[in-house]
Amino acid sequence: MTNTPVDKLRSLYENIYSEGKESFFSRFVGGEDISETDRLVWAATHFKGKRVLDIGCGTGETAAGIAARSALWVSGIDYAPSAIEEAKRRHKAANLDFRVCSALEWNDVIDVVVSCGTLEHMPEPRQELHRMIELVDGKGTIILTCPYFLNIRGFVWMTLALLMDVPMSLTDRHFISPFDIEGWLADTPMRLESVQPFDYERANGTQMLVDLEKRLTNALRDANLPNDKVHRALEWLGKVVEYENRNTPGRFGGSNALYLITPR
C-alpha cells in the first residue's frame, strides 16, 4: 500500500505514463509538444564528452537529444516503469541508457545533471537540489526547468495558492522562483548562473487562457471553493492579454524557466 508522498507521486506518474502523457501535461496540444524545453536544455551547455544524468527523464526525449550531441554517455532515470519502457522503445543509441531508479539510488559522480519539471513535485525540493550537487561533486553543471510565476498566469496562481491554498494540479507541490533556488544554493559550492524564462504564450497569451479555464475550474473545485465565476476572471484576463501583447509584448516571463547552476 502506498502512503508516503513519494509513493503516491510514483503511483500517479505510473498511471500518467501508462495512459499517455500527452493527455495530462499542458505542454502538449493536440498530441504535439509545444514547449521550448528540449531545445533550450540542449543549448544550455556543451555536452560533448560529458557524463550526463537526466533525473525524471520520462519517455526520454531530452536524454536522447543530449546523447545525439556527442555526450560520452547519458543515463535517463525515472521511477515510473512505464515511462522507462517507452523510453527504451523510442530511443536507442550506444551512449544512451534508461533505468528505473531515483536520484538517491544513483551512486556515480557525473559531469552534468539535467532535471526537467521535477523539483516542484518533490516533498523536499531543497534536499533534491542538494542531492544533485552531490552527484556532480560540487564541480559540474546542473540544468533545471520548473514552472515560472513571474508572469500573468503566475500572479493569478500565487494569489490563489498563498491566500486560499488552491492547488495548481494533482502533482505540483511547490511554487518555485529564482529567489528560492538562490536560497537553497546558499552555503553550497554552486551558484545560480542564469535564469531563462520560456514558453511565453502559455503564461501570457491565448494558450494561457485555454489552460487556465481548465485549471481554475478544477483547482477551485478541489479546494471546495465556488468555480462558477471562472468565466468572469478569464474575460478580464483576456483583455489584459490583448492589451499587454499589443502594447508591451515580452514584459513578463514565460510559463517555465531554465536554471543553469554552476560552481562558484
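The values are calculated or read from the model by the stated rules, or taken from the named source; none is laboratory data. Fair warning: this is a prediction, and the values are worked out from it, not measured in the lab. Positions of Cβ are generated from backbone atoms using ideal geometry, with glycine treated the same way; all protein chains shown enter the neighbour counts.
Brief remarks follow.
- Residue list for the stretch 160-194, restricted to those being surrounded by fewer than 17 Cβ atoms within 10 Å (Cβ to Cβ), β-branched (Val, Ile, Thr) and modelled with pLDDT of 95 or more: Thr188
- Ala68, sole failed condition from (1) modelled with pLDDT of 95 or more; (2) buried (at least 19 other Cβ atoms within 10 Å of the Cβ): (2)
- Meets criteria (in contact (Cβ under 8 Å) with a residue 40 or more places away in the chain, assigned to a strand (DSSP E or B), touching a Ser or Thr at 6+ places or on another chain (Cβ under 8 Å) and closer than 30 Å to Val113 by Cβ) for Leu192: no
- Taken over the stretch 80-99, the criterion of being in contact with a strand residue (DSSP E or B) (Cβ under 7 Å, 6 or more places away or on another chain) and either surrounded by fewer than 20 Cβ atoms within 10 Å (Cβ to Cβ) or among the aliphatic types (A, V, I, L, M) (or both) is satisfied by Pro81, Ile84, Ala87, Lys88, Asn95, Leu96, Asp97, Arg99.
- The condition of being at pLDDT 90 or above, among the acidic types (Asp, Glu) and surrounded by 14 or more Cβ atoms within 10 Å (Cβ to Cβ) holds for only one of Glu213, Glu235, that being Glu213.
- Strands (runs of 3 or more DSSP E) contained entirely in the stretch 48-116, each with at least 1 residues that are free of Cβ contacts under 8 Å to residues at least 40 places away in the same chain: 73-78, 96-100
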